[in-house]
Amino acid sequence: MPLFRLLQNPLGDFLYAVGFFVEYTLVRLFRRLRMVFCWLRRALGNLLLLALRPPIQALLDLGVALHSPGRFLLGYLLPAAATIGLILLVRAGLSLPFALRVTVNGQTVGYVASEEAFDNARADVLARVNSARELLAADRQTLSWDLEPSYTLSISDVTMTESEVANEILRISGSEISEATAVYVDGVLCFVTTEGDHLRRYLNSIKAPWEDPTSQTTRVSFVHGLRLVDGIYLTDSVVPYADVLAALQANDGEDLQVKVSERITETQEIPYDTETQEDSELDFGKSETVQEGVPGSEAVTRELTYINGTLVDDQVVDVQVQQSPTPEIIRRGTRLKNGMIGKLGTGTFIWPVPGYRTISRWANLQVRGGHRGVDIAAPYGTPIYASDSGTVVEVVNMHPSWGNYVTIDHGNGYKTLYAHMSSFAVSLGDTVSQGQVIGYVGSTGDSTGNHCHFEMSYNNVLFSAYDVFPNMPIKNPDF
Ligand SMILES: [Zn+2]
């Protein structure tokens, strides 16, 4: 593009001079260009409409034109050529790399893509100047030049970064400047040093023990975003290297704390659900597995964050299901011996003596021969309710230990037993609903006071009711 570069400033000035672009900002420029382009497209459409007259008329015109080559050229070729020329011109105009030429105090700083870029550069310059100002005596002159820029629309395919603009502003300021390295802590320029390489090596040596070159998912950084930026700085702002080190190492090296973020992915099992189908052809309490449950698997990615080696955060950032679980399907029998259809338990339980939370003993199943259920103290005659729906499979009178007791089979693997009753409210083989009264509190059998002894089992293995009712008191202090 050497020819282009020769042309760029005159062309830019020309465009400005003819007032073709009234505003300096690129946004407005492009908006205007887009308007022009739309207008041209409309004009081109009209041209095409003109060109596409009814075929007969066109053929007639062509007949005339063939007898008169001059009119053919004027009537058809020139407008066509002009149209193509316009299209090319507009397309070229739209693809030109427009930029703003920035001038400060009559000196060209360079080309920026937008005014915002310059504003950010100016803020950077002020930060650099302030870092010097703190070190300067109060009476010393600080910033003597005007940072109000003027913009000229130009064509340039080279725009500068904000940092480059800031460097250039300082370079043309006439102040005493040095190439140096700024130290940013939490985004704030804190120090300027000429020992940038030295400092960079020192900081890398602090991070080195935490680096893991074999891991692609480990990121090591400084907690306070410690960042070094090379550039042009006022010579007055340069701090001796030892002072920079001392400041960074102050407060037990707070500024030098290293943060390590590590992503780890582990495969975890997804448990399968169990679906129950009731089957009136199958005996109550019997079950058949229709489909075996198969656990699924998922890849769980967590991000672990350590500060100076101490774990401070552990978050799940991604979960990908690799294999969905296959549900277990169980068919449960509901056919009773008397030919009726029994009620399956819901799988959830209610407290069998509602309102009574005085527990004298929980089950003690770890010990062989330990207590098999929970003892719920309640006055003589208090109703006892079925903890879940099911079928009454035992109604026993005056058992030496349990006294009068009832067992309910819930048909889903669960059974419950209620002992020491004063009297019964159900008979053997009855179907009961959850919450139905089945008997009354007493002290029959091996008992020293009125209470309901309540046992729970699943597939004939006892478990503690405390697992189902964890909000009940662990033990009443009176016992
Ligand atoms: Zn008991």
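Brief remarks follow.
- Each of C452, C190 has some number of other Cβ atoms within 10 Å of its Cβ, and from fewest to most they run C190, C452.
- Hull shadow area, averaged, the stretch 263-323 [alpha-carbon convex hull, nm²]: 6.4 nm²
- With the convex hull constructed from alpha-carbon coordinates only, the stretch 193-242 shows a mean projected area of 4.6 nm² over all directions.
- The aspartates and glutamates whose alpha-carbon is closer than 16 Å to the alpha-carbon of K415, local same-chain residues fewer than 8 away aside, are D283, D388, E394, D430, E455, D467.
- Using bins of 10 Å that start at zero, the share of Cα-Cα pairs per bin across the stretch 167-322 amounts to 9, 24, 19, 14, 11, 8, 6, 5, 3, 1, 0, in whole %.
- Relative to the current alpha-carbon distance between Q320 and E281, full extension at 0.36 nm per residue lengthens the span by 9.8 nm.
- Cα→Cβ-extended label distance, 7 Å offset, between V188 and A92, nm: 5.4 nm
- Taking amide H positions as modeled 1.01 Å from N, with prolines and chain starts lacking one, the residues under 5 Å from G110 and 5 or more places away or on another chain are V102.
- Placed amide H near D430: partners under 5 Å, 5+ positions off or other chain: V392
- Area projected by the alpha carbon convex hull of the stretch 340-438, averaged over all directions, nm²: 6.7 nm²
We did not get these values from a lab; they are worked out from the coordinates using the rules stated. This structure is a prediction, so every number in the text was calculated from the model and none was measured. Using ideal geometry, Cβ is built from the backbone for each residue, glycine included, and neighbour counts are taken over all protein chains shown.
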